[in-house]
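Written out below as structure tokens is the structure these notes cover.
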Amino acid sequence: MCTPALASSSAGFAAVTLLVCSLAVAPSAYAQDSSLPPAAGTTSMQLAPEVQISLAGYEADLKVALDVNDLQSQVGALDRIGELYFRHGNPAEALKEFQRVLPIVHVLGEQTAEATALSDIGAAGFALGRNEEALEAYKQALPIWRKVGDQDHEAATLGDMGEVFRALGDPDEALLFDQRALPLFETAGNRDAQATVLNNIGLAYYALHDKEKALEAFQKAFELYHTGMNLSGEANALNNIGGTYNAFGESRRALDPFQQALAIHRQLGDRKAEATTLNNMGTAYSRLGDGKHALELYKQALPAFRAAGDLNGAATAMKNIEFLYADRRYRSSLGERPKEF
């Protein structure tokens, strides 16, 4: 499968939430934000009927391969099973299958397959929040990708390691790995991946409180996404540009990129990203002293989070509404707090 994943962000009460960009084929203080962290899948998620049919077919293929001791076919079947679980929200089961692949490809002496299995183990472990285990798997995969001359996967693995360090709260180390990944993607001509890495470099600088370098990286990411017609990436970069302005005291300058991001998220039907941007806009207006407009945006964010199934985001929007009503500055303009808040 080989599903590298990049990026993370920081959040907190009334700070802005930056949106994560990822290479996966599958990323501090005031009104709270909502972020898009890696999903921690469950071990008991019910698969849709059509997915169960595919799974049954792969398992039948695996049984045949085991019966005749066909190691190559075993690897293929196990990998397909793991990928199916990973893509359908169950990284715990995916991890078990990828771990079964690893000793087989090691016996076969197939280095690319071994690096792929290690990368998949890292991706599944990271999705489960097992960051140290993910990092160890990526560390083992990296020299193999380098040895076989696969620059795209080498770069992606460096980026994956950067994401793990971000999750571990080490933006300095994350930045080092992202900066090593970027020129490899540039050499390979992978513009979309360049944009993703630039976004993640922006996240690292943001965490390090370097506004100008964060903005520079997000702007470069936006331009590459725009050139490549990647609307989702473009909107995320715009949100991050707005979020950076907002977090560093320039909330009025944040509004235009937020508005642009919001329009794209709505065009794409991405309710979670839409809700995040609405929440961030609410924070911007709150900081500008416009409680009425902030309340309107938080109220729009709340059902969008719920529609996306993001309970944490919905709780964040609700808290932001409660804080507005508790703020003395807004008591006259907002009136009495409704019972639901």
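Filtered by the rule that a residue be surrounded by fewer than 13 Cβ atoms within 10 Å (Cβ to Cβ) and of a type in the set (A, V, I, L, M), the range 303-341 gives 311, 326.
Applying the set (1) modelled with pLDDT of 95 or more; (2) surrounded by fewer than 16 Cβ atoms within 10 Å (Cβ to Cβ); (3) farther than 28 Å from residue 138 by Cα to residue 249 leaves exactly one unmet item: (1). Residues of the range 113-159 that are buried (at least 24 other Cβ atoms within 10 Å of the Cβ) and β-branched (Val, Ile, Thr): 116, 121, 157.
So that you can scan it fast, the table gives a plain yes or no per residue for (1) acidic (Asp, Glu); (2) in a helix (DSSP H, G or I); (3) closer than 21 Å to residue 305 by Cβ:
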residue	(1), (2), (3)
237	no, yes, no
241	no, yes, no
245	no, yes, no
249	no, no, no
253	no, yes, no
256	yes, yes, no
259	no, yes, yes
267	no, yes, yes
272	no, yes, yes
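Listed here are the residues, each with its yes/no results for (1) touching a Leu at 6+ places or on another chain (Cβ under 8 Å); (2) not aliphatic (A, V, I, L, M).
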| residue | (1), (2) |
| --- | --- |
| 254 | no, no |
| 277 | yes, yes |
| 301 | yes, no |
| 308 | no, no |
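Looking across the range 265-276 at every residue that is more than 14 Å from residue 303 (Cβ to Cβ) and within 18 Å of the chain's Cα centre (by Cα), the one that is surrounded by the most Cβ atoms within 10 Å (Cβ to Cβ) is identified as 265.
Any residue in the range 203-213 that is open to solvent by 10 Å² or more (accessible area, probe 1.4 Å), more than 19 Å from residue 163 (Cβ to Cβ) and among the hydroxyl-bearing types (Ser, Thr, Tyr)? Checking the range 203-213: not a single residue is open to solvent by 10 Å² or more (accessible area, probe 1.4 Å), more than 19 Å from residue 163 (Cβ to Cβ) and among the hydroxyl-bearing types (Ser, Thr, Tyr). Against the numbered list (1) among the small types (Gly, Ala, Ser); (2) crowded, with 24+ Cβ neighbours inside 10 Å; (3) farther than 24 Å from residue 334 by Cβ, residue 228 comes up short only at (2). Among residues of the range 316-341 that are over 23 Å from residue 277 (Cα atoms), those with a beta-carbon under 7 Å from a residue that is at pLDDT 85 or above and open to solvent by 100 Å² or more (accessible area, probe 1.4 Å) at least six positions away or on a different chain give the pairs 333/292.
The values are calculated or read from the model by the stated rules, or taken from the named source; none is laboratory data. The model shown is predicted, which means the values in this text are computed figures rather than measured ones. Cβ: placed from backbone, ideal geometry, glycine included. Neighbour counts: every protein chain shown. The protein model used for the area step is the full one, side chains on, heavy atoms only, and it has no ligands, DNA or RNA in it. Shrake-Rupley method; radii C 1.70, N 1.55, O 1.52, S 1.80 Å.
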